[in-house]
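*Asks:* The structure's right below; bear with me while I get my questions together.
Throughout, read-outs are computed from the coordinates displayed, never taken from laboratory work. Bear in mind the structure is a predicted one, so any value in this text is a computation, not a measurement. Note that we place each Cβ from the backbone using ideal geometry, even for glycine, and neighbour counts take in every protein chain shown.
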Amino acid sequence: MTRYPFRLWVCTLMIVAGTSIVAFGQQASPASQSEPSLTLKNLETAFYGETNEHARYLAYASKADEEGYFAVAALLRAIGRGEEIHAANLGALITKTHAVPAVDLEPTNVRSTPENLESCLAEQKYEKDDMYPQFQKQARSDDMLEAARVFERNMAAEPRHLAWCQQALDNLADFKNKPATFLVCPTCGNTIRPSENAACQVCSTPRNKFESVH
């Protein structure tokens, strides 16, 4: 009679301990540890946006050529190249996290050149004022400083893209039936005209490294 309560106590202790071990195992499961950070999701979102913009702007450039806006076509190809560089920088970071950057292109709705420029303006403004500032802030919160720097650098190139699109839209007659050349920084995607001789204002890449786009 005196040993039964002791055995009962031992069994109870083993059950409680086993329950605690299971609970602890659930808290430390690989699934919960491998949940992607918000910054990784933001990298994927930005990559998706930039790859689609690159494809869209090339389609818009073809339309501008059809309508005789040759300088606008060159501009759109240059900005598209800039977005392609942005996407490559984002994709490299995604790969570092052992994820795979997925290229998922949307159908492009090509309209008239003025309408296409309006679309470009809206996209560049959103990236400059909303998307990249939020993504950069989240990356710093997640202590992913390399991602924060890439978001910041991409964001810094967008105002020039925005300004070129606005200038083209405001002066379409000056962009018609005239060829043009633009230069694109291979590091950050900044876009300038050949008359600008200084190094990149965004990332200090030497001027002689810029790519020429017609």
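*Asks:* Would you be so kind as to identify which of PHE70, ALA59, MET131 lies farthest towards the positive end of the dipole of the stretch 35-213, taking Lys and Arg as +1 and Asp and Glu as -1 on Cβ and the Cα centre as origin?
*Replies:* Ranked along the dipole, the leading option is PHE70.
*Asks:* Rg and Dmax of the stretch 157-209, using alpha carbons, in Å: what are they?
*Replies:* Rg, Dmax (Cα atoms, Å): 12.1, 34.
*Asks:* Once the mean 1/r over all distinct Cα pairs of the stretch 36-96 is inverted, what Kirkwood radius in angstroms do you read off?
*Replies:* Details: mean 1/r = 0.0821 Å⁻¹.
Averaging 1/r across every pair of different Cα atoms and inverting gives 12.2 Å.
*Asks:* Leaving out same-chain residues fewer than 8 places away, which lysines sit with a Cα under 24 Å from that of LYS41?
*Replies:* The qualifying lysines are LYS96, LYS125, LYS128, LYS137.
*Asks:* Which value, in debye to the nearest 20, gives the size of the charge dipole of the stretch 35-213 about its Cα centre, when Lys and Arg are +1 and Asp and Glu are -1 at the Cβ?
*Replies:* Details: 19 positive and 26 negative charges, 119 e Å.
Computed charge dipole of the stretch 35-213: roughly 580 debye.
*Asks:* Considering every Cα-Cα pair within the stretch 35-213, what fraction, in whole percent, is farther apart than 31 Å? List each step's numbers first, then the result.
*Replies:* Values: 2298 of 15931 pairs.
In whole percent, the long-distance tail amounts to 14.
*Asks:* Highest mean first, what order results for 82-93, 59-70, 134-145, 191-202 on Cβ atoms within 10 Å?
*Replies:* 82-93, 59-70, 134-145, 191-202
*Asks:* Quantify how much of the Cα-Cα distance distribution of the stretch 66-138 extends past 14 Å, in percent.
*Replies:* Percentage above 14 Å: 74.
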